[in-house]
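A quick write-up on the structure given underneath.
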Amino acid sequence: MMNITAAYTDLYQITMAQVYFGTKPDGRAVFDYYFRHNPFKSGYSIFAGLEDVLEILETLEFSSSDISYLKQKGFESDFLDYLKNFRFKGNIYSSKEGDVVFPNRPILQVEANIIEAQIIETLLLNILNFQTLIATKASRIRFSAKDGILLDMGLRRAHATGGYYASRAAAIGGFDSTSNVKAAEDYNIPSSGTMAHSFIQSYEDELQAFRDFAKMRPENCVLLIDTYNTLKSGLPNAITVAKEMEKRGDRLLGVRLDSGDLAYLSKKTRAILDDADLDYVKIVASNQLDEYVIKSLKEQGAPIDIFGVGTNLVTGKPDAALDGVYKLAEYNDTPRIKLSENIIKTSLPYKKQVYRMIDDNGMFYGADTITRFSENKIALMEHPFDTTKSLDLSSFKHEPLLQQVMKNGKRIVPSRTVTEISKYSQSRLEQLPNEYKRFQNPHIYKIGLSSTLKKERDTLIKKHKF
């Protein structure tokens, strides 16, 4: 885990906090975290980053150098004295990390002193938006790869240290291992890697490069076979080394293709390996892979066992960012709303709960209902803005999604490993009907309001509308 202080925020958060400190230091606020659109034109998203947020918040403080810098920026001494003792002491209610989530419904709620809630906003958005984006991308790639092995190898193409968190999120989304040594160490993710072309180029002879590598690294040995000519040089040399390894009691794990027509080359490679009685040698493919390329390779019958995915995974290509927001919903027990000419940007007031509808087969019905926090049984779900649309909920099981995970600044739920979160995420995806997972025109998951919340929101709209 990287060392983060409370100065990991935007200046305007601290500027607002100083005004709060001087005018209403004891105000109690409720903020909602949610996003407005699924990335990648997907029918769902995978919530990720919660464990990191909770771990950081438990020890978050301003360092002495942070205070010195803020003093230089002209902040008042009494406010700086307050920041010296700053700690987050609020409550957090959240969906479980790894859950399948959808736009325009609270995924996480912060209930805290308004200064504390404001200062943590940027950090929370920074971590949750990015990891949710990457976990969703990884989940889509996993859906394409089916039972193929997925290797995250994107660190060198990532946005600086964002690659560290990208590897964690990729594992949550369904990747099997990472080339990122630090993330593998810190998050207990399986690590793996092959070799670079430069290793082979440093030798006068490709065969000798393979021999040296195999002797020094006989376990999990994968040879990169496209440096000069895949079928005429790399593959024959790899077969020679594989046979030499067999005589020593070792086995070549795989060969890697990193250029050319991957479908054609993998088929030819598989046939040649099998003819050499090396049917156990796996084929690894890399080179600008994403969910669509892998889907195409699968449809072409490419016999690829392991997919190494880099740039398109860790940068969240083509979307690059999740449009997550953090909106005030309640202040000192009084509802708050943000209006907009763009109706989708009108926020929801009050502290809230979200219920997922589960059918008799244990599948998600395709509807999450947002309610006042105190509501526990909802007979009807109403469309947020269309008065002619509603849904009878009486026949469904209601699953509350927001659970308290932090109380008075201390987490109250056990920590979960990346592996545990990933398994949970896969189990939740199994409950999501396939029409929401397809890449072309996925079905839209319904998000509605309880009658009580809708009525109270509409009352606030009328109150504040000019």
Q: Could you state, as a whole-number percent, how many of the C-alpha pairs of segment 229-324 are farther apart than 20 Å?
A: 43 percent
Q) Leaving out same-chain residues fewer than 8 places away, which aspartates and glutamates sit with a Cα under 14 Å from that of residue 243? A) 274, 275, 277, 279
**Q.** Approximate spin-label separation residue 432-residue 343, in nm, with each point projected 7 Å along Cα-to-Cβ
**A.** 2.6 nm
Q | Simple label model, 7 Å out from Cα along Cβ direction - residue 202 to residue 461, nm | A | 6.5 nm
**Q.** Degrees between helix 50-59 axis and first principal axis of the chain (Cα, 0 to 90, nearest 10)
**A.** 60 degrees
**Q.** Whole-number D in µm²/s for the chain (Stokes-Einstein; Kirkwood sum over Cα pairs; 25 °C, 0.890 mPa s)
**A.** 100 µm²/s
(Q) With a 1.4 Å probe and all protein chains kept in place, how do 373, 102 rank by accessible area, largest first? (A) 373, 102
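Given a 1.4 angstrom probe, what's the average accessible area per residue across the chain, in square angstrom?
Here the per-residue accessible area is 45 Å².
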Q: Show that you can apply the helix-only estimate: for the chain, add -39,500 (n - 2.57) for every DSSP H stretch of four or more residues, divide by all residues, and state [θ] at 222 nm to the nearest 500.
A: -11000 deg cm²/dmol
Q: Quickly rank 215-224, 230-239 as a protection proxy: mean count of other C-beta atoms within 10 Å, highest first.
A: 230-239, 215-224
Q | Backbone HN-Hα couplings from phi across segment 320-326 [Karplus 6.51/-1.76/1.60, Hz, Gly and Pro as x] | A | 6, 8, 9, 8, x, 10, 9
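For the chain, what proportion of DSSP beta bridges, expressed in % and rounded to the nearest 5, is antiparallel?
Looking only at bridges with both residues in the chain, the antiparallel portion is about 65 percent.
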Q: Under 28 Å between C-alpha atoms is the cut-off here; go through segment 304-378 and count lysine pairs that meet it, provided they're at least eight residues apart or on different chains.
A: 13
Q. Karplus couplings for segment 222-234 from phi (6.51 cos²θ - 1.76 cosθ + 1.60, θ = phi - 60°), rounded to Hz, Gly and Pro as x?
A. 10, 9, 7, 10, 10, 5, 10, 8, 4, 8, 9, 10, x
**Q.** Cut-off under 5 Å, modelled amide H: who pairs with residue 35 long-range
**A.** 104, 105, 325
Q | Protein-only accessible surface order, largest first, of 143, 75, 130 at 1.4 Å | A | 143, 130, 75
Q: Using θ = phi - 60° and the Karplus relation 6.51 cos²θ - 1.76 cosθ + 1.60, list the HN-Hα couplings for segment 457-466 in order, rounded to whole Hz, with x at every Gly or Pro.
A: 5, 5, 5, 5, 4, 5, 5, 9, 7, 9
Q) Residues with amide H under 5 Å of residue 257's amide H, sequence separation 5 or more or different chain, H placed in the peptide plane at 1.01 Å from N; which? A) 284, 285, 286
Q: Please determine, in degrees from 0 to 90 and to the nearest 10, the orientation of helix 121-145 with respect to the longest principal axis defined by the Cα atoms of the chain, where the helix direction is its Cα long axis.
A: 40 degrees
Q | Long-range HN-HN contacts of residue 29 with modeled amide H, under 5 Å | A | 112, 113, 114, 332
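The values are calculated or read from the model by the stated rules, or taken from the named source; none is laboratory data. Please read all numbers here as calculations on a predicted model, not as lab measurements. Cβ: placed from backbone, ideal geometry, glycine included. Neighbour counts: every protein chain shown. These accessible areas exclude ligands, DNA and RNA; they are computed on the full protein's heavy atoms, side chains included. Shrake-Rupley method; radii C 1.70, N 1.55, O 1.52, S 1.80 Å.
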